[in-house]
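The structure appears right after this line, and notes come after that.
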Amino acid sequence: MQAQVWSPRLANLFTRSCKTTNSLRAFSSSAFSNQSRGGLPRFYSEQLPPSKDGVVRVKGDEFWHMTRVLRLTIDDRVELFDGKGGLVEGCIQNIDQTGLDIVALENPKSASPHNTQWHVYAAFGTLKGGRADWLVEKCTELGACSVTPLLTERSPSISENRVDRLQRVSFAAAKQCQRLHEMVLNPPIKVGGLLSLVKNSKLSFIAMAEAKPVFSALSSINKESAGLMIIGPEGDFTEKELNVILEAGVTAVGDIQGLVTLAGCLHMLKGPKKGTS
């Protein structure tokens with residue numbers, strides 16, 4: 001896909017976004033972002049203790065990471081998040097060969113999602129050299145709600161092994177950037193399956209060479225609960241694929257860099273709701 005030169009306004013805004021990493025990374029809650037309770041390590045748990053003094057069992061990879069990598073032990077404090085906005089501070093109460101028990105030191109807290117839930121559809125099945133990992137990682141860090149591999153004529157498949165790896169990449173990135181809502185990696189869909197989603201969406205963008213700049217689209221954006229971002233494969237969509245997507249009602253923007261950073265730009269221009277992530 002042809003990439004255009006960044007405009008000075010886009011470059012300035014992206015520079016601002018880099019200076020406000022704490023605000024952009026996963027659009028964390030103002031109540032929770034960067035505190036991490038004084039830098040406590042954070043781990044995933046499908047279930048959180050229901051209230052203060054409640055106990056939850058942690059096993060599997062997170063148990064291994066706590067005890068074998070970080071060498072945590074009894075009475076060490078940690079944070080647990082459930083990927084749905086829940087967060088609680090706890091203390092390791094007991095450790096055995098199969099897992100450990102964590103007792104909650106407070107009642108769990110919850111953060112709502114950020115203003116717009118962005119769903120990214122990208123044809124990255126042919127990307128090599130870790131570029132697909134990078135795409136999923138950055139989508140996670142920038143707060144995308146989901147990423148869906150898009151199957152096109154020039155990117156017709158993606159292996160199941162690769163999908164499993166990308167799920168692990170997304171999970172690791174969510175923990176690293178301390179986002180409280182997990183990013184969903186959906187099963188692949190074909191262009192035909194995308195059309196109904198575009199038709200039913202009031203906010204959808206596609207990266208297309210020589211289309212209007214991304215900032216021209218910003219002026220016409222209304223606050224919506226969800227939006228779509230569509231990125232084609234290496235070599236771009238075929239003319240037929242592009243036409244049917246455009247006919248479905250998508251808005252074309254001309255710079256891929258602008259589309260990739262659009263969610264962050266919108267977040268800065270509108271400002272997040274207090275207590276969202």
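Residues that are over 12 Å from LEU166 (Cα atoms), surrounded by 20 or more Cβ atoms within 10 Å (Cβ to Cβ), of a type in the set (Phe, Trp, Tyr) and touching a Gly at 6+ places or on another chain (Cβ under 8 Å) are absent from segment 119-133. Scanning segment 102-130 for residues that are among the hydrophobic types (A, V, I, L, M, F, W, C) and closer than 30 Å to GLY192 by Cα turns up TRP118, VAL120, ALA122, ALA123, PHE124, LEU127. Criterion first (open to solvent by 20 Å² or more (accessible area, probe 1.4 Å), of a type in the set (Val, Ile, Thr) and within 22 Å of GLN176 (Cβ to Cβ)) does VAL69 satisfy it? Yes; evaluated as a whole, the condition is true for this residue.
Only a single item in (1) at pLDDT below 90; (2) touching a Phe, Trp or Tyr at 6+ places or on another chain (Cβ under 6 Å); (3) of a type outside the set (Lys, Arg); (4) not in a helix (DSSP H, G or I) is not met by ALA263, and it is number (4).
Go through the residues of segment 249-256 one by one and say whether even a single one is within 25 Å of ALA132 (Cα to Cα), open to solvent by 30 Å² or more (accessible area, probe 1.4 Å) and either assigned to a helix (DSSP H, G or I) or modelled with pLDDT of 75 or more (or both). Write out each step before concluding.
Our first condition is that a residue be within 25 Å of ALA132 (Cα to Cα); within segment 249-256, this holds for 250-256.
Keeping just the survivors that are open to solvent by 30 Å² or more (accessible area, probe 1.4 Å) gives 251, 256.
Imposing the further condition that a residue be either assigned to a helix (DSSP H, G or I) or modelled with pLDDT of 75 or more (or both) reduces the set to 251, 256.
Within segment 249-256, one or more residues are within 25 Å of ALA132 (Cα to Cα), open to solvent by 30 Å² or more (accessible area, probe 1.4 Å) and either assigned to a helix (DSSP H, G or I) or modelled with pLDDT of 75 or more (or both).
With a requirement of 3 or more residues that are in contact (Cβ under 8 Å) with a residue 60 or more places away in the chain, out of contact with any His (no Cβ under 6 Å at 6 or more places or on another chain) and within 25 Å of LYS59 (Cα to Cα), the helices (runs of 4 or more DSSP H) lying completely within segment 95-201 that satisfy it span 160-177. I'm trying to understand the selection: among the residues of segment 179-206, which are open to solvent by 50 Å² or more (accessible area, probe 1.4 Å) and touching a helix residue (DSSP H, G or I) at 6+ places or on another chain (Cβ under 7 Å)? GLU182, the sole residue that qualifies.
The values are calculated or read from the model by the stated rules, or taken from the named source; none is laboratory data. Since this is a predicted model, take the numbers as computed values, not measurements. Using ideal geometry, Cβ is built from the backbone for each residue, glycine included, and neighbour counts are taken over all protein chains shown. SASA here: full protein model, heavy atoms, side chains in, ligands and nucleic acids out. Shrake-Rupley method; radii C 1.70, N 1.55, O 1.52, S 1.80 Å.
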